[in-house]
Amino acid sequence: MDNKPTFLWGVATSSYQIEGAVAEDGRSPSIWDTFSATPGTVLRGATGAVACDHYHRMPEDVALMAELGIDVYRFSIAWPRVQPGGSGPVNPAGVAFYDRLVDELLANGITPWVTLYHWDLPQELEDAGGWPNRDTAYRFADYAGLTYDALGDRVKQWTTMNEPWCSAMLGYVVGAHAPGRQDARAGMRAVHHLLLGHGLASQVIREKAAAQDRLDGLEVGITLNLGVPTPASDSAEDQAAAHWEDGLSNRLYLDPLLRGEYPADIATKVAELGSPLPVQDGDLAVIAQPVDVLGINYYSSRLVRSTPVGDNGWPTPEAVDRDVERTAMGWEVTPEALTDLLLRLEREYPGPDWYITENGAAYDDQPDANGYVEDIDRTNYLRSHIDAALAARAQGVNLKGYFAWSLMDNFEWAFGYDRRFGIVRVDYETQQRTPKQSARYYADRIAAEKANEAG
């Protein structure tokens with residue numbers, strides 16, 4: 001991209017969490033529509049049917065971003081809006097929304113950054129087997145091609161998947177997220193097919209960009225949620241527990257993407273437990289497509305200790321509480337671990353440009369009579385984590401940007417609307433947007449950092 005700053009400042013959202021309009025303009029149901037409509041799955045029976053009504057209020061939301069002075073907006077595309085049912089041609093009415101969004105962003109000097117998949121799989125594809133079904137990876141590549149055809153003339157930044165760990169583990173193993181299945185074998189199949197889908201989609205995007213002479217400035221990558229599991233003691237058992245958690249949560253994704261192989265200890269163990277990774281000849285070469293950008297979603301890290309193996313034979317490391325601040329999610333505030341994580345990534349997996357593609361915190365926000373929130377805790381969280389990220393950059397990490405999660409309060413998955421991550425408050429009854437103290441801080445910090453960079 002021409003004249004791109006050396007460090008990008010942004011905000012991030014996802015389609016199902018903010019858009020609403022779930023039955024408008026030809027959009028078909030996603031697994032989250034089905035899951036959230038199922039009694040007992042989401043707190044207080046909340047759904048994303050309306051959410052922040054971003055589908056109808058998009059220009060207002062882009063204006064908020066412009067006021068913050070951000071460089072780039074990372075948003076996700078609703079697959080069932082662009083390609084209803086997950087197959088067939090593009091839906092013109094659905095893709096028109098993203099056309100308008102991209103144009104509105106560019107008109108306001110904001111770079112659009114597309115995430116193709118942030119968990120809203122078309123329900124028809126889940127009915128056909130979902131991510132445990134290999135064919136879904138190929139359907140995803142088709143969808144990626146359709147989306148690139150529609151937006152590739154203006155969009156250079158493409159993330160394929162957001163947090164495949166969450167899709168596979170929370171969706172298919174634990175059952176806390178859509179589609180709500182509890183099947184370890186299905187979960188490991190989903191891991192592989194999500195990564196395969198990433199590789200196939202990356203190939204399609206690059207092939208189309210080359211055919212249309214658009215390779216200049218094109219950046220294709222993936223976003224992972226990564227943490228730092230630290231052993232609670234020097235015991236061999238606790239060390240092994242932390243190594244297992246690191247393997248299942250971090251290395252299971254980093255290694256195939258950046259080294260072309262699954263970590264042998266994890267692949268062997270899950271196979272022994274009856275949940276083998278369904279690797280076919282050539283798959284790992286597809287998964288290990290060149291990664292221009294690897295996004296890191298970081299919120300917290302854990303101190304873990306060994307626990308007895310459960311009835312299913314799977315190791316289950318247990319978190320050990322530390323005397324540190326916690327967010328409303330119960331997550332420990334550990335900014336120093338972000339520095340350690342970035343240094344490790346640069347040391348062990350050099351190559352891609354690193355971006356913090358999500359970082360933020362939920363707190364129990366209490367607005368004043370005008371809807372304004374003096375969210376000191378969130379402001380301090382952002383400050384400490386930006387400091388931690390820039391400290392790693394100062395030590396040589398190839399970190400190219402930071403995105404705050406999230407632009408505004410939204411549908412927080414299984415927590416419904418009871419957890420607020422936004423730097424802009426949303427009154428869900430009136431849809432009034434009110435920037436919080438954290439938004440003011442972030443805008444000021446961006447301006448200060450840009451001034452410092454300019455010298």
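The values are calculated or read from the model by the stated rules, or taken from the named source; none is laboratory data. These figures come from a predicted structure and were not determined experimentally. Note that each Cβ is placed from the backbone with ideal geometry, even for glycine, and that neighbours are counted across all protein chains shown. When the accessible area is computed, the model is the full protein with side chains, heavy atoms only, and any ligands, DNA or RNA have been set aside. Shrake-Rupley method; radii C 1.70, N 1.55, O 1.52, S 1.80 Å.
Remarks
- Looking only at segment 371-409, and only at residues there that are outside any helix (DSSP H, G or I) and either at pLDDT below 95 or among the charged types (D, E, K, R) (or both), the one that is surrounded by the most Cβ atoms within 10 Å (Cβ to Cβ): Asp409
- Residue in segment 345-368 that is of a type in the set (A, V, I, L, M) and assigned to a loop (DSSP other than H, G, I, E, B) present: yes
Each row is one residue, and each column tells you yes or no for (1) at pLDDT below 95; (2) hydroxyl-bearing (Ser, Thr, Tyr); (3) more than 26 Å from Glu19 (Cβ to Cβ).
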{"position": "Trp413", "(1), (2), (3)": "no, no, no"}
{"position": "Arg420", "(1), (2), (3)": "no, no, no"}
{"position": "Val424", "(1), (2), (3)": "no, no, no"}
{"position": "Pro435", "(1), (2), (3)": "no, no, no"}
{"position": "Tyr442", "(1), (2), (3)": "no, yes, no"}
{"position": "Ala451", "(1), (2), (3)": "yes, no, yes"}
{"position": "Gly455", "(1), (2), (3)": "yes, no, yes"}
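- So Pro59, is it open to solvent by 10 Å² or more (accessible area, probe 1.4 Å), within 20 Å of Asp25 (Cα to Cα) and in contact (Cβ under 8 Å) with a residue 40 or more places away in the chain: yes
- Taken together, the criteria exclude Tyr138 from residues that are within 21 Å of Arg27 (Cβ to Cβ) and of a type in the set (Ser, Thr, Tyr).
- Candidates are the residues of segment 181-217 that are open to solvent by 20 Å² or more (accessible area, probe 1.4 Å) and in a loop (DSSP other than H, G, I, E, B); the one that is nearest to Leu277 (Cα to Cα) is Asp183.
- Test: Thr268 is in contact (Cβ under 8 Å) with a residue 60 or more places away in the chain, among the hydroxyl-bearing types (Ser, Thr, Tyr) and surrounded by fewer than 20 Cβ atoms within 10 Å (Cβ to Cβ): no
- Within segment 125-139, residues that are aromatic (Phe, Trp, Tyr) sit with their Cβ atoms under 9 Å from residues that are open to solvent by 60 Å² or more (accessible area, probe 1.4 Å), at 6+ positions apart or across chains, in these pairs: Trp131/Arg189.
One line per residue, one yes/no per condition, for (1) aromatic (Phe, Trp, Tyr); (2) open to solvent by 30 Å² or more (accessible area, probe 1.4 Å); (3) part of a helix (DSSP H, G or I):
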{"position": "Phe411", "(1), (2), (3)": "yes, no, no"}
{"position": "Phe421", "(1), (2), (3)": "yes, no, no"}
{"position": "Thr430", "(1), (2), (3)": "no, yes, no"}
{"position": "Arg440", "(1), (2), (3)": "no, yes, yes"}
{"position": "Ile446", "(1), (2), (3)": "no, no, yes"}
{"position": "Glu449", "(1), (2), (3)": "no, yes, yes"}
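- Qualifying residue in segment 11-19 (condition: closer than 30 Å to Asp444 by Cα and either at pLDDT below 95 or open to solvent by 30 Å² or more (accessible area, probe 1.4 Å) (or both)): no
- Of all the residues in segment 245-284, those that are over 15 Å from Ala168 (Cβ atoms), touching a helix residue (DSSP H, G or I) at 6+ places or on another chain (Cβ under 7 Å) and not in a loop (DSSP other than H, G, I, E, B) number 3.
- Within segment 337-365, the set of residues being closer than 16 Å to Arg420 by Cα and either crowded, with 22+ Cβ neighbours inside 10 Å or modelled with pLDDT of 95 or more (or both) comprises Glu358, Asn359, Gly360, Ala361, Ala362, Tyr363, Asp364.
- Val50 open to solvent by 20 Å² or more (accessible area, probe 1.4 Å), more than 16 Å from Gly145 (Cα to Cα) and not in a helix (DSSP H, G or I): yes
- Flag if Val72 is open to solvent by less than 10 Å² (accessible area, probe 1.4 Å) and within 21 Å of the chain's Cα centre (by Cα): yes
- The one condition in (1) under 25 Å from Thr41 (Cα atoms); (2) touching a strand residue (DSSP E or B) at 6+ places or on another chain (Cβ under 8 Å) that Gly310 fails to fulfil: (2)
- Every residue from segment 218-230 that is more than 19 Å from the chain's Cα centre (by Cα), open to solvent by less than 40 Å² (accessible area, probe 1.4 Å) and closer than 30 Å to Val309 by Cα: Pro229
- When segment 77-113 is filtered for residues that are surrounded by fewer than 23 Cβ atoms within 10 Å (Cβ to Cβ) and outside any helix (DSSP H, G or I), the ones remaining, listed by number, are Ser87, Gly88, Pro89, Val90, Asn91, Asn108, Gly109, Ile110, Thr111, Pro112.
Residues checked against (1) open to solvent by 40 Å² or more (accessible area, probe 1.4 Å); (2) in contact with a Leu (Cβ under 9 Å, 6 or more places away or on another chain); (3) not in a helix (DSSP H, G or I):
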position	(1), (2), (3)
Ala144	no, yes, no
Cys166	no, no, no
Met169	no, yes, no
Pro179	no, yes, yes
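- Boolean, Glu124 is within 25 Å of Phe97 (Cβ to Cβ) and either among the polar types (S, T, N, Q) or open to solvent by 20 Å² or more (accessible area, probe 1.4 Å) (or both): yes
- Filter result for Arg251 (surrounded by 18 or more Cβ atoms within 10 Å (Cβ to Cβ) and over 21 Å from the mean Cα position of the chain (by Cα)): no
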